[in-house]
Structures are given as C-alpha cells and as structure tokens.
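Where a number appears in this text, it was derived from the coordinates with a stated rule and is not lab data. Quick caveat: nothing in here was measured; it's all calculated off a predicted structure. We place every Cβ from the backbone using ideal geometry, glycine too, and count neighbours over all the protein chains shown.
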Amino acid sequence: MPIYEYQCEVCGHHFEVIQKFSEEPVTSCVACTGPVRRVLSAPALVFKGTGWYVNDYASPERKKALEGEKKGADGPPDTSSNERKAEAEKGTSDQQPPRPSSSDQD
C-alpha cells in the first residue's frame, strides 16, 4: 500500500498515512482538524534481484565467486566436444556411397 503525505493548511502539521488506492483521501488534520492537502514527494524505490551492489558485490565471498566464474569462462574451450565433431565430419567424408548389389541390377 502506498504512503501518502499530507500537510495541514491551518497549523502546518505534516503527516503520512498508509492508504489503499481505493480509499478516499484524508480531508482533515489529525492535530487540529483543519483542512489538509496532499503533498507530492519522491517515491521510495527498492531494487530487488541480482545485479545490484548490495546483492552482488558487497561481500568478499561474492567477489571471489565472480572472479572464479570469469576465469572459467575465459579458459580453453572444451576440446572433447570439438574432437568429436571433427571425427564425425571425418567419418562421413571417408565413407563410400553404397554400391548396388547384384540383385538390385535386375
């Protein structure tokens, strides 16, 4: 639920009220019952999830983990899969097309 700020036009009292969007705005001051107006203010903003300083870079353990991930990504490519691809390609190019058998020529 949002927090709305109000200021009294009579006594100048400044207060906040947690209200639902569907609720009617406050019309009277909580201190002197005078008329109030809603004050515009910057919204509170909270960044959640990965990628923000507090989550990813605040602890030394996280820095070490990121360095380890970076080293693993920069390492040599997986040669076993490359070798398998080369062998598969080599195997298909060395094969001869099947010769027709004697029974196929009739």
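Can you put F21, F15 in order, fewest other beta carbons within 10 Å first?
On the way: F21 6, F15 15.
Least to most surrounded, the residues fall as F21, F15.
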List the residues, sorted by chain then number, that are 5 or more residues from G34 or on another chain and whose placed amide H is less than 5 Å from its amide H. C29
